[in-house]
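Taken together, the values in this text are just the output of simple stated rules run on the coordinates, not laboratory data. Fair warning: this is a prediction, and the values are worked out from it, not measured in the lab. Because the Cβ atoms are built from the backbone with ideal geometry, glycine has one as well, and the counts that use them run over all protein chains shown.
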Amino acid sequence: MDVRLTSEQQQLRDAAAKLADDLGPGAVGELDDGERVARLEKTVAATGWRSLRSDGASGVEVALVAEEFGRGLVDVPFLGPVLADDLGHGSATIVVGGLAPDARGLGRGVWLDGGSVSAADLGEARPGVDLTRWAAPVSGGATVVGEVDPQRAQALALVVTAADILGAARGAFDLACDYAKVREQYGKAIGAYQSIAHMLAESLVLIEGSISILRYAAWAVDEEEPGVAAEAARVAKVYCAKSAHTICETSIQVHGGIGNTWECAAHVYLRRVLVSTGLWPVSLKEISVGLS
Amino acid sequence: MDFRDSAAELAFRQRLRAWLTEQAPNFPKSTEEYWARQGEWHQSLHAAGFFGATWPKEFGGLELPPVYDVIVDEELARAGAPPRPSLGYLVTGLGRHAGKDLQQRFLPGMIDGTQRWCQGFSEPGAGSDLASLTTTATLDGDEYVINGHKIWTSYSDVADWCLLLARTDKDVPRHKGISAFLVNMHQAGIEQRPLKMINGVSNEFGQVLFDGARVPASQMVGNPGDGWALAMTVVGHEREPSTLGYAARYEKTVNQLARKSAPSDELAWATVQVQVLRQHVRRRLSEQLDGISHGPEGSIDKLLMTWVEQSVGHAVLAQTGTADLDLFNTYLYSRSQSVMGGTSQIQKNIIAGRILRMAV
């Protein structure tokens, strides 16, 4: 047993982090910067990471990129195309419940129906609750285009959304920590008060727990029996989603009044977390209890 | 990256599983029997070659990678056996801070379980603020004379030896006047007062009154004033769930609840939490392969473990309420996890101050 990331996996994570830091929206105002988005799109396309699965990468690698892109609020498609690629359709994006949640610039959607893969054309993509990923409705008629192992595909979908959620939570947490060190009240940084410091300490514990459970679930996608992988993915998604929700709300609270304004990025992370939570949502009722 | 057992790990697991099957008829049947036979369990686990994974062979350890402790914990829980004795913090404390002579004299008996140990740190007036301790050790010839009052001393009533912190110098800053001693518990001048906890158990924690007890100066760990550094090592390791094997114990409770009662959100949430802790321990132990020695990160792990244990406690209440006395006591015991080994508030101070660099 050795669950450390390999050096190749660390390099991939670092490269994804750097790309997100360099070209992601550094502030809310940059979400509307079309030139930046075009540069980001071109760079992400050049990495080939949207086709990680068909290139033979494991769930761990896909999750690492998804996490760093969530942390950096990367606002061009990744989650959608990488899951569509897992279903064998590299140039499409994923559809769930008749909507493609990550469809900016993409015209074709695929989804899983039992073990069958269906495809259809998409309507126009627009930003909605999530300001970083644009959703598009299915507009054309569906055709069955293939077959896959549904449990493994479902496990990957849960793992990738959980990774996106964890990454966004880390982004919201970093934002809050930076703010707590510079914002002063009563003559000292607010992070020096236990009431603030303890909330942030709790957020870090939630992040570390999320990293641990997600790593196992991401590995399990390809290495465990499909049923075990699916259960691990459900556990990871429930924990990451619940933790991230708390972490984002904490970030808004630590920012005080500013945290409730449009200009503070805390809500952008929260929106992304909640939208990803709602993609293939997992309820506690679906968790198997007392198996081992 | 591999979450599976290697061939060697699998062989160890299978050997342990077979041994536990043989031992199963002898497992304690009640809480009283568990406490009474704790020392015997420690000795048999060691004699069979399953205890002390990471410790040096010269002191009776196995010199194996840390993940072997996870295997032991998982298999003990699976078999319904008593847990692995919690000793890592004492062994690590002596391993890092004691001279070779004291290590050779004391570690083998500590590890093989023939000598029982307790830890005399906390006092009625020195809980979270440990450095305010007032127990004194005064040099008299080639011995120190101990006077003071210790509390929350685990297993003090059955201990042969005590790792004791006492003040040897009142005239220096308080952290610098503390020294550590290895004190024989079988002597005049030591009075035991058991503490009965809210779950009704009085075997675990005690109070110890030192009134003129004596310890040879040669049984001081390190030099005068080195006690604080040892204390920080010990409490750092005391916090690490990876050295405690609690994930497997919690899993056992969750499985017990699942057999007894219908599913609920509380039980499902406890299941999720236990899985998180289980994978978290695996990640932390794997990181130790890099030689990373956790400092303040131990507080993250302790806090996570506390939340997990208390969610299991709440699952007990949700599933069986007050109907099952043993399970109810499991709930009551869970309340102490956010206090012992450093309160959750102290852990958050450590995380915020030393990891997040807030000026708390």
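Worth pointing out:
- Segment B:50-196 - Debye-derived log10 I(q)/I(0), Cα point model, q = 0.10, 0.12, 0.16 Å⁻¹: -0.42, -0.59, -0.97
- FRET efficiency, 1/(1 + (r/R0)^6) with R0 60 Å, evaluated for B:A188 and A:S54 via beta carbons: 0.15
- Taking amide H positions as modeled 1.01 Å from N, with prolines and chain starts lacking one, the residues under 5 Å from B:E143 and 5 or more places away or on another chain are B:A217.
- Shown here: the protein assembly as shown, whose C-alpha atoms stretch 92, 64, 47 Å along the first, second and third principal axes, sorted largest to smallest.
- You can think of it this way: the chain between B:D142 and B:S128 has 1.8 nm of extra reach, that is 0.36 nm per residue less the Cα-Cα gap.
- Spin-label pair A:E35/B:Q43, simplified geometry with 7 Å Cα→Cβ offset, distance in nm: 8.0 nm
- Taking a Cβ cut-off of under 12 Å around B:G200, the surrounding Lys, Arg, Asp and Glu residues balance to a net charge of -2, with basic ones at +1 and acidic ones at -1.
- Filter on A:K242/B:K252; B:K176/B:K348; B:K57/B:K348; A:K18/A:K42; A:K285/B:K252; A:K18/A:K237 - keep pairs with C-alpha separation over 27 Å: B:K57/B:K348
- Placing +1 on each Lys and Arg Cβ and -1 on each Asp and Glu Cβ, with no other charges, gives segment B:15-96 a dipole about its Cα centre of roughly 60 debye.
- Dimensions of chain B from C-alpha coordinates, computed as largest minus smallest value along each principal axis and given longest first, are 64, 43, 40 Å.
- Rounded to the nearest 20, the size of the Cβ-charge dipole of the protein assembly as shown about its Cα centre is 860 debye, with Lys and Arg at +1 and Asp and Glu at -1.
- Calculated FRET efficiency for the pair A:S116/A:S283, C-beta based, R₀ 35 Å, to 0.05: 0.90
- Principal axes of segment B:59-101: Cα extent on each, largest first, Å: 39, 18, 14
- Compactness relative to 2.2 N^0.38 Å, alpha carbon Rg of chain A: 0.99
- Neighbour cut-off at most 14 other Cβ (10 Å), DSSP loop, chymotrypsin sites (Phe, Trp or Tyr not before Pro), segment B:125-177: none
- Cut-off 16 Å, label 7 Å out along Cα→Cβ of B:R17, residues of segment A:255-292 by amide N: A:292
- B:E123 long-range amide H proximity, modeled H, under 5 Å: B:I151
- Along the axis of the charge dipole computed for the protein assembly as shown (Cβ charges of +1 for Lys and Arg, -1 for Asp and Glu, origin at the Cα centre), the listed residues A:A244, B:G49, B:S299 are led at the positive end by B:S299.
- Dividing the alpha-carbon radius of gyration of segment A:151-285 by the rule-of-thumb value 2.2 N^0.38 Å gives 1.15.
- Among the chymotrypsin sites (Phe, Trp or Tyr not before Pro) in segment A:143-232, those located in a DSSP loop and surrounded by at most 10 other Cβ atoms within 10 Å of their own Cβ are A:Y186.
- Here the 3J(HN,Hα) profile of segment B:275-287, calculated from phi with Karplus coefficients 6.51, -1.76 and 1.60 at θ = phi - 60°, is 5, 4, 5, 4, 6, 5, 4, 4, 5, 5, 5, 5, 4 Hz, Gly and Pro shown as x.
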